[in-house]
1. Residue by residue through the stretch 9-20, note down the ones that are open to solvent by 40 Å² or more (accessible area, probe 1.4 Å) and either outside any strand (DSSP E or B) or within 16 Å of Asn357 (Cα to Cα) (or both).
2. What pairs come up if the first residue lies in the stretch 329-343 and is assigned by TED's automatic domain parsing to the domain that holds Ala398, the second is among the basic types (Lys, Arg), and their beta carbons are under 8 Å apart, counting only those six or more places apart or on different chains?
3. Yes or no: Thr36 near ligand 1 (Cβ under 10 Å from one of its atoms), open to solvent by 20 Å² or more (accessible area, probe 1.4 Å) and modelled with pLDDT of 95 or more?
4. If you take the residues in the stretch 267-303 that are of a type in the set (S, T, N, Q) and open to solvent by less than 20 Å² (accessible area, probe 1.4 Å), which one is farthest from Thr36 (Cα to Cα)?
5. Could you list, in sequence order, the residues of the stretch 15-37 that are within 16 Å of ligand 2 (Cβ to nearest atom) and free of Cβ contacts under 8 Å to residues at least 60 places away in the same chain?
6. Taking into account only those residues within the stretch 47-84 that are within 13 Å of ligand 1 (Cβ to nearest atom) and part of a loop (DSSP other than H, G, I, E, B), which is surrounded by the most Cβ atoms within 10 Å (Cβ to Cβ)?
7. Based on what the data block shows, is Ala253 more than 25 Å from His42 (Cα to Cα) and in contact (Cβ under 8 Å) with a residue 60 or more places away in the chain?
8. Restricted to the stretch 304-320, and to residues that are without any contact (Cβ under 8 Å) to a residue 60 or more places away in the chain and in contact with a strand residue (DSSP E or B) (Cβ under 7 Å, 6 or more places away or on another chain), which residue is least open to solvent (accessible area, probe 1.4 Å)?
Amino acid sequence: MKEPQTLRIHDTLTDTLQPVLPADGKRVGFYCCGPTVYASAHIGNFRTFIVQDVFRRVLELSGTPVKHVRNITNVDDKTIKASQDQGQSLNEFTAYWTEKFHADCAAMNLLGPQIEPGAVEHIAEQIEMIRVLMEKGHAYRAEDGSVYFRVESFPQYGRLSKVSERELTTTTTARSEDEYDRDSLADFALWKAAKPEDGDNFWESPWGSGRPGWHLECSAMSTKYLGPGFDVHSGGIDLTFPHHENEIAQSEACTGETFARLWLHVVHLMVDGRKMSKSLGNMYTLDDLKAKGFLPAEVRYGLIAGHYRKHLNFTLPGLEAARPNLQRLARLDRQLHEAAGHPKLPKYAALCKRDNNPDALGRFAPAFASLLDNLNVPKALGETFRAAGELEKQPAAATEADYFGLRVLLEALGLELPPVEVEEAPEEIRALAEARLQARADKDFAKSDELRDEILALGWRVKDVKGGYELEPA
Ligand code: AMP
Ligand code: ZN
């Protein structure tokens, strides 16, 4: 039987490294806060979604299946306002941006979550949760028909974000909630009473017409699809407070059970020292970068190259490093594929079923081990290029395990390799290769080997192919 290997991640709640193990012994339940669909997601958003994708891939490839749920926020102030500005219904408008999000995800090779619920499609579940919270005395209705969670009723509030009660009452918490009438500044909306500017974007509830607050959707949908307690919850670091703190309060007050066991937060993508965000106007979308000539795989590479627990500063020249690195991996992949006797390209699902213990990963075992150690992608890439250097110098030493090891690693990172670019060799190199071809025709193998080494010393590798030779940069 295949023994799963253990992935460790940094858990925000305990501020320690924790093993990721499925509580039910079968699958890791994984909930990610998804996009708000009112415009293209920017690459800062994608940094978070891609790290979550790598997390899932590493778990699956190390032998632990994952049930991945990621919501779509398709009703909030931003989606309502933007749909009205466009003269479209909320449904029509958010469906368009959801589709665009899916297209960008596919281009950057993200695995789709198995379940992708939308907030609008789960109003009933959210109302039911509010009903229970009211019944248990954790929520109250304000005069205008909005319903608030009473933070004071949940003494554990602040455990995740380490926010103190004093800070809570002196800071406004989230998204325009201060427009509403609540008992304490810390209290947050579970239900927002309909306002004239919402147009026809409201639903009926026992407290009057309105719509659910943003925090509630994640509590309701994670509970529905993963149960009241599940393994891992994730989002960008900005969601720690108040969003995730509020999710914990609502869910645990409602169900009486521990909500998520581990919390995985991704540190921000920055531009010139500031968080990349739509509101700051310092953002790039995938389309912006494609228009500048970058491939989606290069953008993905650039977004994972830094450790998820550190700020990653985005620059266009920095992103240019992705192309030669991916080219080098593509040449290596081709070299190892040949050395392994051209096996059929193993699919992701097949690699997940394989026993990817260190012995089976050849020279790429240390790289995969770095991923298991708190998703250390920069270290994994360093290990990969170190192995690449060895294999480029000694192609004959390549084993089948090296090929599969590289495939596992590329799948873990979700890197789709571009076709190998053919670089025209200079005249001098081609002349040497021609001389070598002649030496081989004359069966003068000593001379042929000598010329091969001379070509290599000049930075090119000559390879024999049917009817001739190929030259590639070494
Ligand atoms: P939103 O669509 O605004 O709800 O955000 C979707 C996800 O992107 C959330 O997990 C955010 O925390 C995350 N996010 C937003 N800005 C950034 C950024 N600059 N870097 C990394 N993640 C971000
Ligand atoms: Zn959420």
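1. Thr14, Asp15
2. Close Cβ pairs (under 8 Å, with a partner that is among the basic types (Lys, Arg)) amount to Asp333/Arg407.
3. Spelling it out, Thr36 is indeed near ligand 1 (Cβ under 10 Å from one of its atoms), open to solvent by 20 Å² or more (accessible area, probe 1.4 Å) and modelled with pLDDT of 95 or more.
4. Looking only at the stretch 267-303, we keep the residues that are of a type in the set (S, T, N, Q), and these are 277, 279, 282, 285.
If we keep only those that are open to solvent by less than 20 Å² (accessible area, probe 1.4 Å) as well, we get 277, 285.
Details: Ser277: 13, Thr285: 15 Å.
Restricting to residues being of a type in the set (S, T, N, Q) and open to solvent by less than 20 Å² (accessible area, probe 1.4 Å), the top hit is Thr285.
5. Hit for the stretch 15-37 is Thr36, nothing else.
6. Step by step, filter the stretch 47-84, then rank; the result is Val75.
7. yes
8. Asn313
The values are calculated or read from the model by the stated rules, or taken from the named source; none is laboratory data. Predicted model only: the values in this text are computed from it and were never measured. Ideal geometry is used to build each Cβ from the backbone, glycine not excepted, and the neighbour counts take in all protein chains shown. Quick note on the areas: whole protein, heavy atoms, side chains included, nothing else; ligands and nucleic acids left out. Shrake-Rupley method; radii C 1.70, N 1.55, O 1.52, S 1.80 Å.
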